[in-house]
Amino acid sequence: MFQILNEDGEVVNKEFMPDLSDDELRELMRRMVYTRILDQRSIALNRQGRLGFYAPTAGQEASQLGSHFAIEKEDFILPGYRDVPQLIWQGLPLYQAFLFSKGHFHGNQYTEELQAFAPQIIIGAQYVQAAGVALGMKLRGKKNVAITYTGDGGTSQGDFYEGINFAGAYQAPAIFIVQNNRFAISVPVEKQTAAKTLAQKAVAAGIEGIQVDGMDVLAVYAATKDARDRAVNGEGPTLIETMTYRFGPHTMSGDDPTRYRSDDLDKEWEKKDPLVRFRKFLEGKKLWSEEDENRVIEEAKEDIKEAIKKADQYPKQKVTDFINYMNEELPLNLQEQLKEYEAKESK
């Protein structure tokens, strides 16, 4: 497993230390703290009934943001449903992220400038899409990559292998990230596969594969940066397995992780918290302080307050909206349904 910082924030792999400035290191920490607060507030908003579907992200910040920090603005992101933070840092307005959670159609209406698809709900489907996006970039001569994410459970889907195999066959500039948080809802990774690692599945597709400490933001950044450099140089795709852990439930839709995870396992991974580890590293370099952290926390809370207020003000969706937005020309059966619901909604 590739690692740069150990659990105490000490550098254990100096030769692979990424070439990041002090400002870039601070910005990476800012994004991680901001995202942790966003997760905490989103869980609270969900419990209040002000958000809908939500998949907690605490524990996976290094995996998500370290990889995103290594790509360029013109690179294309194909996220899973837990990967909303990458979309936000790619440029998705926060209020739209909240509308996505609410199931509002505007949450998926992206500007042309935002190089991303909306979060994929179908497990693993984004891997096939990423292969296609990456091949399109190659055919157009673009020096960019498509980056996609799934969990350990996603590697059991047919789309997973089809995606990496297609990208490998065409040497498409894609980065496939498997965020191995050890449990696909409740199924432990040991029951997903007999393979010793998920990274080694790259061998079958003839592409590069690497297992990375997903709680070490610098290791994730370095591995993703290397994968991107090789991809744009025509050296094909990479599969990156990040060893990480979600501290919360799979989603807020009734999952109870205490039924399939032990307290000892939770405590073991809490010691590897990516924010604690990176904070120790930065404090040792005199680049981060409690004052810095509190400033980011207040910034995040204020942004979230304004964003949820804006999202709450959006008109509620009607059945007639869905009928009209899904079709340019309505077939006869939907014309009949449209009239029926227009009559109901006018009362």
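Gap in Å between the Cα centre of region 148-211 and the Cα centre of region 2-42?
Answer, in whole Å: 24.
In nm, to one decimal, how far is the LYS73 label point from the LYS305 one, both placed 7 Å along Cα→Cβ?
3.0
Which of rounded, prolate, oblate describes region 14-315, given a ≥ b ≥ c as roots of the alpha-carbon gyration tensor eigenvalues and a/c under 1.5 marking rounded, otherwise prolate only if a/b is larger than b/c? Walk me through the numbers on the way to the answer.
Working: a/c = 1.27, a/b = 1.23, b/c = 1.03.
It is rounded, given that a/c, with a ≥ b ≥ c, falls under 1.5.
Kindly flag which residue pairs out of LYS102/LYS344; LYS14/LYS267; LYS225/LYS280; LYS142/LYS309 have an alpha-carbon separation exceeding 30 Å in this structure. Before the final figure, lay out each step's value.
Working: LYS102/LYS344 23 Å; LYS14/LYS267 28 Å; LYS225/LYS280 23 Å; LYS142/LYS309 39 Å.
Listed pairs above 30 Å: LYS142/LYS309.
In whole Å, how far is the Cα centre of region 249-326 from that of region 58-118?
If we compute the Cα centre of each part, the gap is 13 Å.
Can you give the extra length, in nm with one decimal, that the chain gains between ILE297 and LYS14 once fully stretched, where that is 0.36 nm per residue apart less the Cα-Cα distance? Present the calculation step by step, with values, prior to reporting the outcome.
Working: separation 283, 0.36 × 283 = 101.88 nm, distance 3.10 nm.
Taking 0.36 nm per residue and subtracting the Cα distance, the gain is 98.8 nm.
Specify the residue with the greatest mean-square fluctuation among THR224, THR242, THR251, computed from a Gaussian network of the chain linking alpha-carbon atoms under 10 Å apart.
It is THR251.
What's the exposure ranking of VAL217, VAL276, going from fewest to most Cβ atoms within 10 Å?
Values: VAL217 30, VAL276 15.
Ascending Cβ contact count within 10 Å gives the list VAL276, VAL217.
Taking neighbour Cβ counts within 10 Å as the exposure measure, how do GLU293, GLU208, GLU336 sort from fewest upward?
Values: GLU293 15, GLU208 20, GLU336 11.
Neighbour counts put them in this order, fewest first: GLU336, GLU293, GLU208.
In deg cm²/dmol, rounded to 500, what helix-only [θ] at 222 nm does the chain give when every DSSP H run of at least 4 residues adds -39500 (n - 2.57) and the total is split over its residues? Write down the numbers at each step before the final one.
Working: 14 runs with 166 residues, N = 347.
Taking each H run of at least 4 residues, the total per residue is -15000 deg cm²/dmol.
No value in this document is a laboratory result; all are computed from the given coordinates. Being a predicted model, the structure only gives us computed values, none of them experimental. Because the Cβ atoms are built from the backbone with ideal geometry, glycine has one as well, and the counts that use them run over all protein chains shown.
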